[in-house]
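Visitor: Encoded as structure tokens, here's the structure I'll be asking about.
The values are calculated or read from the model by the stated rules, or taken from the named source; none is laboratory data. Model, not experiment: these values are computed from the prediction. Backbone-built Cβ (ideal geometry, glycine too); neighbour counts: all protein chains shown. For the accessible areas, the whole protein counts, side chains as well, though only heavy atoms, and no ligand, DNA or RNA atoms are used. Shrake-Rupley method; radii C 1.70, N 1.55, O 1.52, S 1.80 Å.
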Amino acid sequence: MTTGPLPIRTRLRPRPAPAPRRGVRAAFRGPLAGALCGLLLASGCGVLPGGGDDESPVTVMTWAPLHTTGTNAPGMTAMARAYERWVNSGGGIGGRELRVLVCDEGNESVAAAECARRAVREKAVAVVGSYSEQDAAIFSPISLAGIPYLGGYGITHEEFVNPDSYPVNGGLPALIAAQGAQLAPDCDRVALVRPEGVTGDTWPDLLRAGLRGAGGKGEVVDLPVPVASSDYTPQAGQVLDRLAPAPAARRCVSVALGDSTAAFVDSFRRVAPSGSTGTGGAEAGAGGTGAAAGGTGAGATPAVRVGSVLGSVSQRLVDRSGGASGPYEGAAVTGWYPPASDPRWATMKKVITRHAFGDNAIDPADAGVQTTWIAYTALRRIVESLGEGPVTARTVRDALDKGTKVSTGGLTPTLSWGDDYARSVIGYPRTANTRVTHLEVRDGRLVAAQGTGDGPGATGDAREALESEPTGSGGRE
């Protein structure tokens, strides 16, 4: 660059003239500023180094798959929009207008990469509260631009190792490990039904680590399945066959398929002989769902306990599946945050009521909606920490990297991602929060689990299980 701010400033300052009277200074301020701006634009340099328009909005992006045959998360982009309306109605974020861009990530690499490139073009200061399994497609563009990824859903391993990622929860790895701890007292054999592909390849080891960390000795059977199917009858039969070596009352299945979980559980029920399904009863064990073996032999077998993770099972799914008389009654469900009934969600619920305009995509009990709320809460704290200074991708990232503490009103532990953050998890160095919650479906409601016997209580920590060394092939048979 041969011309720019420094040469111009040097020519203007050698012999400063006496300061003009206030009225004269005001008269010349507009023309002089315009001339300088014209020269700067002509030089191609944009703005003065370190400068920025304090009046410009804080632009961020939230992306998620919205219309796919697999897992969709429309509540995340809808929650981002509601947060934008709410915070701007109260004066903005850090005194600045918040501008939220949303993008349909499409659950495929081309669309995901375009969302990331759009974030770069629009000069987003962060990608906030988003969902994507396309880690390579999303991180390459935003990493090159220095844009932080704040509060992604936590579906991929990359979110917990990439220095551009600032997660607010322990992700699916923490939930799978916590699921093992929750099922440990009741299960001698657990079939893990999870998506095909590399995203879930570490999950069997994590589930096993959770089982054994809680004192269980259960075996794990890995069953990866496609996530775009509407009928899982063959796979349901495989689950029942593979559980057969365990004692009848000690068989469990953990289903983590996102939106496809409902389809699998429906298929799981259909393989049962007539009259052998139901909930409760002596054969159901510890609150298990009644699903019996069919297709492979005569007669019914005792119920298999169902487990899952928040995001695959929600209160909305429980309601539309029959509530207390449906297949999820007694199911063990692990999550990151307090139950939706917890008073700590009161502000989020108020924002949804007043600023979502009846958007049915926003379910206060949905893990994606909750993660987006927490991610935007973190963004607000970070922007406020910058005071009157410029808000750019670089300044936001610097504030995150220096260890700025973020309080979320008790929904998570205090969050911090600085280099000196002592609680980072071995193998998952970006993790700032390993807290988990143990939930169960009781009387048709998704509520905090009741600790009984050797079982976990309502809260736990997945740190030790996440740090456990893999034990082998993941238990696939």
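Visitor: Counting only protein heavy atoms and a 1.4 Å probe, tell me what percentage of the range 362-443's accessible area is made up of carbon and sulfur. Mind dumping the intermediate values first?
Guide: Details: 1450 of 3120 Å².
Percent of accessible area from carbon and sulfur atoms in the range 362-443: 46.
Visitor: Sticking with this structure for a sec: Return the long-range amide H neighbours of Leu101 (sequence gap of 5 or more, or a different chain), with a cut-off of under 5 Å between placed amide H atoms.
Guide: Those lying under 5 Å, H to H, from Leu101 are Val60, Met61, Thr62.
Visitor: For the range 77-151, just the Cα atoms, rotate onto the principal axes and tell me the three extents in Å, largest first.
Guide: 37, 23, 19
Visitor: How far apart, in nm, are the 7 Å Cα→Cβ label points at Glu196 and Asp443?
Guide: Rounded to a tenth, the inter-label distance reads 4.3 nm.
Visitor: Okay, moving on. From the backbone phi of the range 408-419, what are the Karplus-calculated ³J(HN,Hα) couplings (6.51 cos²θ - 1.76 cosθ + 1.60, θ = phi - 60°) in whole Hz, Gly and Pro given as x?
Guide: Coupling constants for the range 408-419: 10, x, x, 5, 9, x, 4, 9, 7, 10, x, 4 Hz.
Visitor: Would you grab the residues whose amide H sits under 5 Å from the one on Arg442? Only those 5+ places off in sequence or on another chain, please, with H modelled 1.01 Å from N.
Guide: Gly330, Val447
Visitor: In whole Hz and in residue order, list the ³J(HN,Hα) couplings for the range 216-221 that follow from phi through the Karplus curve 6.51 cos²θ - 1.76 cosθ + 1.60, θ = phi - 60°; x for Gly and Pro.
Guide: Using θ = phi - 60°, the values come out as x, 10, x, 8, 10, 10 Hz.
Visitor: HN-Hα J couplings of the range 357-371 from phi, Karplus 6.51/-1.76/1.60, θ = phi - 60°, integer Hz, Gly and Pro as x?
Guide: Residue by residue, the range 357-371 yields 6, x, 5, 6, 6, 9, 10, x, 8, 6, 5, x, 4, 5, 5 Hz.
Visitor: Can I ask one more? When you count, for each residue, the other Cβ atoms within 10 Å and take the mean per peptide, how do 65-73, 366-374 rank with the highest first?
Guide: The peptides rank, most packed first, as 366-374, 65-73.
Visitor: What is the Cα centroid distance between the range 188-205 and the range 134-160, reported in whole angstrom?
Guide: 23 Å
Visitor: Multiply the residue separation of Asp401 and Asp419 by 0.36 nm, subtract the distance between their alpha-carbon atoms, and state the gained length in nm to one decimal.
Guide: 5.8 nm
Visitor: When each pair of different Cα atoms in the range 387-438 is counted once in the 1/r mean, what is the Kirkwood radius in angstroms, to one decimal?
Guide: By the Kirkwood definition, the hydrodynamic radius is 12.4 Å.
Visitor: A further question on this structure: Could you pull the accessible area for Val436 with a 1.4 Å probe, rounded to 10 Å²?
Guide: 0 Å²
Visitor: Using 0.36 nm per residue of separation minus the Cα-Cα distance, give me the extension gain between Ala248 and Ser341 in nm, one decimal.
Guide: 30.0 nm
Visitor: Sort 77-85, 392-400 by packing, meaning the average of other beta carbons within 10 Å per residue, with the highest value first.
Guide: Per-residue Cβ counts within 10 Å, averaged per peptide and sorted highest first, yield 77-85, 392-400.
Visitor: Under the 0.36 nm per residue contour assumption, what length would be gained going from the current alpha-carbon distance of Asp241 and Arg85 to full extension?
Guide: Length difference between fully extended and current span is 51.0 nm.
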